[in-house]
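Remarks on the structure that follows.
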Amino acid sequence: MSTIERAEVFVTSPGRNFVTLKITTSDGVTGLGDATLNGRELSVVAYLNEHIIPMLIGRDPQNIEDTWQYLYRGAYWRRGPVTMAAIAAVDVALWDIKGKITGQPVYQLLGGASRTGALAYGHASGSDIPSLFTSIQNHLDQGFKAIRIQTAVPGLGQVYGVASDQAPGQRYDYEPAKRSAVPVEEEWDTTAYLNHLPSVFAAVREKFGYELPLLHDGHHRMTPNQAAILGKSLEPYKLFWLEDCTPGENQEALRRVRSQTTTPLAIGEVFNTVFDYQTLITEQLIDYVRSAVTHTGGISALKKIMDFAAIYQIKSGFHGPTDISPVGMAAALHLDIAIHNFGIQEYMKHSADTLEVFETSYTFENGLLHPGTNPGLGVEYNEELAASFEYTPAYLPVNRLKLDGTIHDW
Ligand code: EZ4
Ligand code: CO
């Protein structure tokens, strides 16, 4: 029997921080898993090195489900982003290994292809309407067939999710984590935001028409009632979805929003197990599951969440920012291709340095992503180059109300 002989954790920072698990079997087969938790990277490194890797050595790499249950149930302390990112890395690395052992891309092992490619959405943003239009046009020129819209809010400074303005033809390059010892602070005003956003969507629809799927991310900043107000005010502009309208912890909050608006709802990028979705799915309070493979216990766990969601006609819209490594992105793409209830896939292209450290075989053509047909995940990790990019602490911003400095949800 082949066994897990070695497991190593690598940290690299080609523009931003990534944590990668590499598992090697006694037959010399290797598998990669993404363990990146933006702004809390080294906690997952410690969890893997101190508590998981010693338990992996000697196990059968083929028994993915048994290993998942061993790490989840065996820990006693269940759930949480650090634990579930670590388990996800193991799960994804074992799927990569199984693919290489069987000579199949992972999506074949998950049931085969249900589609020719995964519809992707990109991030357009701007400090004002003209710069937003430039950013949208740049995305259309790159082939995107669906676009997320974020803008500055009059009266506020830098707003999370809004990149520096683009010149025509310029590549989108927003880095939502700043390298510094402590997080930077941004100011926020929900009323100003609620008053401004509908006019932005009105302008975009007038310029680009109603065919283009448009999305928006609320970054957990509203109360249920504010979210209901926003959902209603955006109804004329026919959004593909409104994401993270309220803080993720309170599933019941979505009852109020859902009963008040027909704007489709997506949530879950900070969720880490199926229990975070239990009320949302059984009561059909959302339309899209936003989880990442990387933060929800891996391919095995997210596949089960999607099968549960399918009963209620809820689709996928997996998280795909650049703080998920190309390994995590590839894992999501294999699942996107395989499941029946795929909806859309978030896609921000990684930096050139990142794509040299992680050699990928996924493609983006005609607005669709495909994981490629190489055995396993189809990603190679360049260890030597990775070691030249040293870890630097980097954080998402902290949000305070403009009025009086109160710390706000985000
Ligand atoms: O804030 O990836 O929808 N995408 C997002 C991202 C997240 C970051 C968190 O690490 O909201 O920008
Ligand atoms: Co989001």
Exercise for the section: Would you mind pulling out the separation of the Cα centroids of segment 66-134 and segment 361-377, in Å? Expected result: 14
Completion exercise
Sequence order, segment 290-307: Karplus ³J(HN,Hα) from phi using 6.51 cos²θ - 1.76 cosθ + 1.60, θ = phi - 60°, Hz rounded, Gly and Pro as x, gives 9, 3, 9, 3, 4, 10, 10, x, x, 5, 4, 6, 6, 4, 5, 4, 5, 5
Handout entry: Histogram of C-alpha separations across segment 4-107, 5 Å bin width, %
Key = 2, 13, 25, 25, 19, 11, 4, 0
Fill in the blank from the handout: Once amide hydrogens are built 1.01 Å from N within the peptide plane, the residues lying 5 or more places from residue 398 or on another chain with amide H under 5 Å from its amide H are 184, 185, 186
Fill in the blank from the handout: Stokes-Einstein, Kirkwood over Cα pairs, the chain, 25 °C, 0.890 mPa s; D in µm²/s equals 114
Exercise for the section: Heavy atoms only, probe 1.4 Å: what % of the accessible area of the chain goes to carbon and sulfur, would you let me know? Expected result: 51
Handout entry: Between helix 64-73 and the chain: long-axis angle, C-alpha atoms, 0 to 90°, nearest 10
Key = 70
Completion exercise
So the angle from the long Cα axis of helix 81-102 to the longest Cα principal axis of the chain, reported in degrees to the nearest 10, equals 60
Exercise for the section: Determine the per residue accessible area of the chain with all protein chains present and a 1.4 angstrom probe, expressed in square angstrom. Expected result: 39
Fill in the blank from the handout: In degrees rounded to 10, the 0-90 angle between helix 326-338 Cα long axis and the longest Cα principal axis of the chain is 80
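The values are calculated or read from the model by the stated rules, or taken from the named source; none is laboratory data. Small disclaimer: the values here were computed from a predicted structure and weren't measured. Heads up: the accessible areas ignore ligands, DNA and RNA and are worked out on the full protein's heavy atoms, side chains in. Shrake-Rupley method; radii C 1.70, N 1.55, O 1.52, S 1.80 Å.
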